[in-house]
Amino acid sequence: VQLQASGGGLVQPGGSLELSCAASGSISVFGEMAWYRQAPGKERELVAQLFSDRHTNYGDGVKGRFTIFRDDSRNTFYLQMRNLKPDDTAVYYCNARRMVSQQTYWGRGTLVTVSS
C-alpha cells in the first residue's frame, strides 16, 4: 500500500486548507489513520487520528480547528484545517496502520505555510 498526500500550499492566517491522503488500496484495512506534522527545527508531532470505530483524537493545538475524516469510496482520508495560524506551518505527513499486522505506512509530506 502506498499513501499519497496532497493539498498543501500557502494560506493566510485565518484561512482554511484541506489535505488529502489517497491510498493505493482499500482504506478499510486500516485500524488507524492519522496526520502528523513537523515544523522546522521541531520534532514530528501528532495532529489527528481516526480509528476504525470512527473515534478521533486531536493534538491540543488543533482541537476545534482541524477535522480528520475518511471517504472509503475514494480510498482517501482527509484533514480539514480551519482558522489556520502561523504556528501551523509545517510539513504534514499522513500515516496509516493495518488492523491485523499493525504494519505502518507513511505518505510523503505536503508543505503547509501559513503567512500573510
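Each of Phe69 and Ser16 was given a label point 7 Å from its Cα along the Cα-to-Cβ line. The distance between the two points is 1.0 nm. For segment 29-116, the solvent-accessible area works out to 55 Å² per residue, with a probe of 1.4 Å and every protein chain left in place. Counted residue by residue at 0.36 nm each, then reduced by the alpha carbon distance between them, the extension gain from Ser52 to Leu111 reaches 18.6 nm. Springs join every pair of Cα atoms under 10 Å in this Gaussian network model of the chain, and among Met81, Met99, Met33 the largest mean-square fluctuation is at Met99.
Please state, to two decimals, what the Cα-based radius of gyration of segment 23-88 comes to when divided by 2.2 N^0.38 Å (N = residues).
On the way: Rg = 12.7 Å, N = 66, 2.2 N^0.38 = 10.8 Å.
Computed over Cα atoms of segment 23-88, the ratio equals 1.17.
Nonpolar atom fraction for the chain, defined as the carbon and sulfur part of the 1.4 Å probe accessible area, stands at 44 percent. Here the simple spin-label model places points 7 Å from the Cα toward Cβ, and for Val100 and Gln4 these points are separated by 2.7 nm.
The values are calculated or read from the model by the stated rules, or taken from the named source; none is laboratory data. Quick caveat: nothing in here was measured; it's all calculated off a predicted structure. Quick reminder, even Gly has a Cβ in these numbers, built from the backbone with ideal geometry, and neighbours come from all protein chains shown. Note: accessible area is taken over every heavy atom of the protein model, side chains too, but ligands, DNA and RNA are not part of it. Shrake-Rupley method; radii C 1.70, N 1.55, O 1.52, S 1.80 Å.
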